[in-house]
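I'd like to ask some things about the structure below.
The values are calculated or read from the model by the stated rules, or taken from the named source; none is laboratory data. Because the structure is predicted, anything quoted here is derived from the model rather than measured. Note: ideal-geometry Cβ built from the backbone for every residue, glycine included; neighbour counts use all protein chains shown. Please note that ligands, DNA and RNA were not included when accessible areas were found on the heavy atoms of the full protein model with its side chains. Shrake-Rupley method; radii C 1.70, N 1.55, O 1.52, S 1.80 Å.
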Amino acid sequence: GTEEFFRTTDKSPRQIERLPLVAQRLADLSEEKRYDFDDEDFKTVIGILYQLIYELSRDPDYKKYDRNPPTPIFVPAAKNNESYGRIRLWLKDLRNYYFHDTTDKMLDQKDHYEKLVKQFFTTAIGKSTPRTSIDFLRAELFVFYKVVGYLNTVRDKLKGS
């Protein structure tokens, strides 16, 4: 009987099931994996989390330019500070960086997203660029921590309203 803020799709359960399996691959700290790695698993985790907390919370009936969900799901102040909603923006920036062609010179997106991703990694791991699989693991744990904090805050705010 309450409003549904996070909608599910046919793909949602499969994505949720994949998340721990993909995330666990970054926890392989064997010598051969520690320095010989690619960022595919991290990218996949970002893509799944983006779908779960960003795409599934947008109202599909909104006009295209106005698809943000209501507060507290959407946090207008997240751009300017470290509010609980900042993780939504980080996930959007990371997903755009990893999954979209940002080389369009007209929009100058590549430099823009590289800057945003460097800011994320500096906040998450204290380095602007991950150099080892441990760096990606630390960034992944940071993202999970922030997502859980975001969802807990949203739940508490919805209970109070």
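Pick from the range 46-67 the residues that are open to solvent by less than 60 Å² (accessible area, probe 1.4 Å) and not in a helix (DSSP H, G or I): which of them is modelled with the lowest pLDDT?
Ranking the candidates gives Asp59 first.
From the list Arg88, Arg138, Arg131, Arg95, pick out the single residue that is open to solvent by 90 Å² or more (accessible area, probe 1.4 Å) and in a helix (DSSP H, G or I). Walk me through it before giving the result.
Values: Arg88 fails: open to solvent by 90 Å² or more (accessible area, probe 1.4 Å); Arg131 fails: in a helix (DSSP H, G or I); Arg95 fails: open to solvent by 90 Å² or more (accessible area, probe 1.4 Å).
Going through Arg88, Arg138, Arg131, Arg95 in turn, just one is open to solvent by 90 Å² or more (accessible area, probe 1.4 Å) and in a helix (DSSP H, G or I): Arg138.
Here's a follow-up. Can you pull out the residues in the range 148-161 that are open to solvent by 60 Å² or more (accessible area, probe 1.4 Å) and touching a helix residue (DSSP H, G or I) at 6+ places or on another chain (Cβ under 9 Å)?
Listed by number, the list holds a single entry, Leu151.
Of all residues in the range 71-85, which are more than 15 Å from Ser57 (Cβ to Cβ) and either in a loop (DSSP other than H, G, I, E, B) or touching a helix residue (DSSP H, G or I) at 6+ places or on another chain (Cβ under 6 Å) (or both)? Step through it out loud before you land on a result.
Of the range 71-85, the ones more than 15 Å from Ser57 (Cβ to Cβ) are 77, 79-83.
Once the filter is applied, which keeps residues that are more than 15 Å from Ser57 (Cβ to Cβ) and either in a loop (DSSP other than H, G, I, E, B) or touching a helix residue (DSSP H, G or I) at 6+ places or on another chain (Cβ under 6 Å) (or both), the range 71-85 yields Asn80, Asn81, Glu82, Ser83.
Also, quick follow-up: So which residues in the range 121-152 are of a type outside the set (A, V, I, L, M) and in contact (Cβ under 8 Å) with a residue 60 or more places away in the chain? First the steps, then the outcome.
We begin by selecting, within the range 121-152, every residue of a type outside the set (A, V, I, L, M); these are 121-123, 126-133, 135-136, 138, 140, 142, 144-146, 149-150, 152.
Answer for the range 121-152, where residues must be of a type outside the set (A, V, I, L, M) and in contact (Cβ under 8 Å) with a residue 60 or more places away in the chain: Pro130, Thr132, Ser133, Phe136, Glu140, Phe144, Lys146, Gly149, Tyr150.
Please pick out the residue among Tyr145, Tyr113 that is open to solvent by less than 60 Å² (accessible area, probe 1.4 Å) and hydroxyl-bearing (Ser, Thr, Tyr).
Tyr113
Of all residues in the range 10-27, how many are farther than 20 Å from Arg95 by Cα and at pLDDT 75 or above?
Matching residues across the range 10-27 total 1.
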